[in-house]
Amino acid sequence: MIQIEKLPESALRKVTFVLTAHPGHTVFVAGSFSDWEPERHEMVYSDAKGVYSCEVMLAPGVYEYKFVIDGEWVTDIDNDNFSANDFGTLNSVINIC
């Protein structure tokens, strides 16, 4: 799941990546916005909400991403937008306006 907030007087958008999963995992979000660095954007678990989340500031554009859960790359099951990648799998895609 993705939440996008346009900030006043800024070209950047606050994008919140959200993953519903059980606690106890190490979770990151990686994508074209981070040169696919698997440990740059760590997601934090919220006991109150039962989700992992991470905020990333992004300029408008189209980005591909995946979640990295305990070292395993997975697509966002809550996002129906996908693109094939060079590894024969799919990446999730977001369009930030």
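Please work out how much length the chain gains when fully extended from M57 to I69, using 0.36 nm per residue of separation minus the C-alpha to C-alpha distance, in nm with one decimal. Please list the in-between numbers first.
Numbers: separation 12, 0.36 × 12 = 4.32 nm, distance 2.14 nm.
Fully extending the segment from M57 to I69 adds 2.2 nm.
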Open item on the list: As an exercise, use a Förster radius of 30 Å and the Cβ-Cβ distance of H25 and C97 to find the FRET efficiency, rounded to the nearest 0.05.
Closed with: 0.45
Task: Sites I77 and S46, calculated FRET efficiency, Cβ-Cβ separation with R0 30 Å, nearest 0.05 - done: 0.95
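For Y45, what is the net charge nearby, where nearby means another residue's Cβ is under 15 Å from its Cβ and Lys, Arg count +1, Asp, Glu -1? Provide the component values of the computation, followed by the final result.
Working: positive: K49; negative: E42, D47, E55, D70.
In short, -3.
Could you tell me which of rounded, prolate or oblate describes the chain, using a ≥ b ≥ c as the square roots of the eigenvalues of the alpha-carbon gyration tensor, with rounded for a/c under 1.5 and, failing that, prolate when a/b is larger than b/c and oblate otherwise?
On the way: a/c = 1.73, a/b = 1.11, b/c = 1.56.
Since a/c reaches 1.5 but b/c is at least a/b, the shape of the chain is classed as oblate.
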Task: Cα-based shape type of segment 41-97, given that a ≥ b ≥ c are square roots of the gyration tensor eigenvalues and the cut on a/c is 1.5 - done: oblate
- [ ] Quick one: net charge around S83, please, counting Lys, Arg +1 and Asp, Glu -1 for every other residue with C-beta under 15 Å from its C-beta.
- [x] -3
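What's the longest bit of the chain with no exposed GluC sites (Glu not before Pro), using DSSP loop states and at most 16 other Cβ atoms within 10 Å as the test? Don't jump to the answer; show the numbers that get you there.
Details: sites that count: E9, E39.
No qualifying site falls inside 40-97, the longest such stretch.
FYI, it's all coordinate maths here, none of it is from the lab. All values reported here derive from a predicted model rather than from experimental measurement. Don't worry about glycine lacking a Cβ; one is built from the backbone with ideal geometry, like all the others, and counts go over all protein chains shown.
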